[in-house]
Amino acid sequence: MNPIQILAQLFRGPPGNDGLDAPLSLPLELVLVASDYGNLDRLPTVEAAARACKEWWRENVGVNLKISVRCLQSDLVPTGVYTDYLPALRTLHHWEMGGQTPTVFIFSEYDRVGEGYLGGAFPALGIAFTVGFGTAPWQETLLWRILLHEFGHLLGLDHVDGTFMRAEIEMGEFAILPGQREQLRLAAGYAGRG
């Protein structure tokens, strides 16, 4: 069991009480990062991706995401070894269970982050990061899928073929397994009552 599952198990309380009878909501902060404010033209794409994420979570998980979007001017370069820039991300946000909101940093000027990936996540820190691509309409579809995937990692999910958590992003159906749904609902129930 991962830490989220253990905490959710503890949170459930006595047998027969799953703690999930009330409507669930979960906060998520999206931060669009650019080297200068002139490169923040991707904000509409991020906002559209946020709306798509909210809809997917509501329909597939039964959880209302409360997403906030903000912009940040920074010279941080998210390429190379994660440990080179992870300390800078930590100074921009620190998260603990029941504490601050999990955050996904979207680097507007990059089409790869880390060592050539579309995204990455550090669940223990509540931090994930993704590429920002450009303003082409298809980028919006890809971005929300990457956001869902990395947020899944933040909530304790691992890669599973044939689902939204598969290692390779595809444009086909974005399936969720019952066990994944349960784990996300448990994490939302715990975080929403923190």
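The values are calculated or read from the model by the stated rules, or taken from the named source; none is laboratory data. Note that the structure is a prediction, hence the values are computed from the model and not measured. As a convention, Cβ positions derive from the backbone with ideal geometry for all residues, glycine included, and neighbour counts pool all protein chains shown. Protein only, heavy atoms only, side chains kept; ligands, DNA and RNA dropped before computing areas. Shrake-Rupley method; radii C 1.70, N 1.55, O 1.52, S 1.80 Å.
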(Q) Report every pair of residues separated by at least 6 positions or lying on different chains whose Cβ atoms are under 7 Å apart, first residue within the range 153-168 and over 12 Å from GLY119 (Cα atoms) and basic (Lys, Arg), second surrounded by fewer than 19 Cβ atoms within 10 Å (Cβ to Cβ) and at pLDDT 90 or above. (A) ARG166/HIS159; ARG166/VAL160
Q) Which pairs do you get when a residue that is over 11 Å from VAL31 (Cβ atoms), found in the range 58-75, comes within reach of a residue that is aromatic (Phe, Trp, Tyr) and open to solvent by less than 40 Å² (accessible area, probe 1.4 Å), reach meaning Cβ atoms under 7 angstrom, with the pair 6+ apart or on two chains? A) VAL63/TRP57; LEU65/TRP57
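State the number of residues belonging to the range 22-56 that are within 18 Å of LEU72 (Cβ to Cβ) and either of a type in the set (A, V, I, L, M) or outside any strand (DSSP E or B) (or both).
So the count comes out to 21.
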Q | Residue list for the range 43-81, restricted to those being crowded, with 16+ Cβ neighbours inside 10 Å, of a type outside the set (A, V, I, L, M, F, W, C) and either modelled with pLDDT under 80 or in contact with a Cys (Cβ under 7 Å, 6 or more places away or on another chain) (or both) | A | PRO78
